[in-house]
Amino acid sequence: MTAPLTGITVVDLTHVLAGPFSSATLGDLGARIIKVERPGTGDDTRAFPPFVDGESAYFAGLNHGKQSIALDLKTDADRAVFERLLARADILLENYRPGAMERLGYGWADLQARYPQLIYGAVSGFGHTGPEAAKPAYDMVVQARGGVMSITGEANRDPVRVGASIGDIVAGMYLTQGVLAALYDRNRSGKGRKIDVAMLDAQLAILEHAVAITSVTGTPPERSGARHPTITPFETFHAADGLFVIAAGNDALFARLCTALGLGRLDRDPRFATNPARCDNARLLKRLIETVTLGAPKAHWITTLEAAGVPTGPIQNVAEAMVDPQILARNMVVQVVPNGAGPGFTAAGNPIKMTGLPEPTTRDPAPALDGDRAAILRWLDDLDTEV
């Protein structure tokens, strides 16, 4: 089996999360990732806890299987090495603040002229255009400003940040999509393109129902806890021993839910017969459902509803999710092998399942800072010799 990006080389200047998430995805698809880091300190996440024997599990989870070379792009010798890498690379990724690459002499205009085949992928807080392009940003800032926090949390409570760093991660996903589209286009044109992804833009792009509601009604949606604002019943419900979720996303599923719970023909009641009516009466419907579900444990109701074909499930913590048989069956928990005498780590697997794409249960180690310098330089020398 051959991974689809086998033979593609990525020079990765990114650090922390959004960019490394993108390059990790490209690596899972077969690309060679050469991580260019700051001498002495490297990627900031090398210093992020938790640690095992002084090595960061956070860093390993995002950077396994990559190679590392430390370069100071303000020195002539390291610039020469970097430019040899650019001449052989298919993709350059960076997440510096806009203008930083231009000051180094490696902005898009400079690179396009010297390396016309190179695809340039950039991710930043606010993008490379607009009045606030130069401002710094982190996940928390774009979740707040992009509208996500305004709809996250319980009604009449303070807004909360989504627990996962979706400000970075979603931007990294969009960066990967842009890079792959540019690779496809290069097969036809022979030329690279620049991809400019803003974390703030990506937050607005994922607000599917919120944008629709606001544009039609003129009133932005508010926080509604676990409940979906436009589908009912679609939220958490109490059983005798705790909460579980029900997601009856259409009228047919709601009818099955009523039968499974012994609610009679509640689905024919005008207050609940259609999804808009159910949304108008969501609080009443929740009480009616919970008069039944409070009478037995959540495991009973999950089994009952699954048998009826109604989407449902437990609310699992991360430890429970990591041993979920379905997740394990999909190879979504993998082991990062030790780097020499260093520690091993556990990481999330590759959610992209593709025919012909290898599915190893382990991943190569995360690189030591500058640990692949000799191998990378030998590779460049060998290529120069071939030419």
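Tell me, what HN-Hα J-couplings in whole Hz come from the Karplus equation 6.51 cos²θ - 1.76 cosθ + 1.60 at θ = phi - 60° for each residue of region 34-43, using x for Gly and Pro?
Running phi through 6.51 cos²θ - 1.76 cosθ + 1.60 with θ = phi - 60° gives 9, 8, 9, 10, 5, x, x, 10, x, 4 Hz.
Full extension from His228 to Thr362: what is 0.36 nm times the residue separation minus their Cα-Cα distance, to one decimal in nm?
Roughly 44.5 nm would be gained on extension.
Any idea how far apart Asn187 and Glu83 come out in nm if each label point goes 7 Å out from Cα toward Cβ?
For the pair Asn187/Glu83, the computed spacing is 3.3 nm.
Just how large is the dipole of the chain about the Cα centre, in debye to the nearest 20, putting +1 at every Lys and Arg Cβ and -1 at every Asp and Glu Cβ?
Roughly 940 debye, rounded to the nearest 20.
Provide the gained length on full extension for the span Leu377 to Asn281, in nm with one decimal, where the gain is 0.36 nm per separating residue minus the Cα-Cα distance.
27.9 nm
Once you place label points 7 Å from the Cα toward the Cβ at Asp44 and Lys353, how far apart are they in nm?
3.6 nm
Does anyone have the angle between helix 282-293 and the longest principal axis of the chain? Alpha-carbon axes, 0 to 90°, nearest 10?
80 degrees
Can you give me the angle between helix 166-189 and the longest principal axis of the chain, using Cα atoms only, in degrees from 0 to 90, rounded to the nearest 10?
60 degrees
Output the 0 to 90 degree angle, nearest 10, between the alpha-carbon long axis of helix 251-261 and the longest principal axis computed from the alpha carbons of the chain.
60 degrees
Using only the Cα atoms of region 79-164, what semi-axes does the equivalent ellipsoid have when each is the square root of 5 times a gyration tensor eigenvalue? Give whole Å, largest first.
After scaling each eigenvalue by five and taking roots: 37, 13, 10 Å.
Indicate, rounded to the nearest 5 percent, the antiparallel portion of the DSSP beta bridges found entirely in the chain.
About 40 percent, rounded to the nearest 5.
Read the figures in this text as sums done on the coordinates, not as results from a lab. Because the structure is a prediction, the values reported are computed rather than measured. Positions of Cβ are generated from backbone atoms using ideal geometry, with glycine treated the same way; all protein chains shown enter the neighbour counts.
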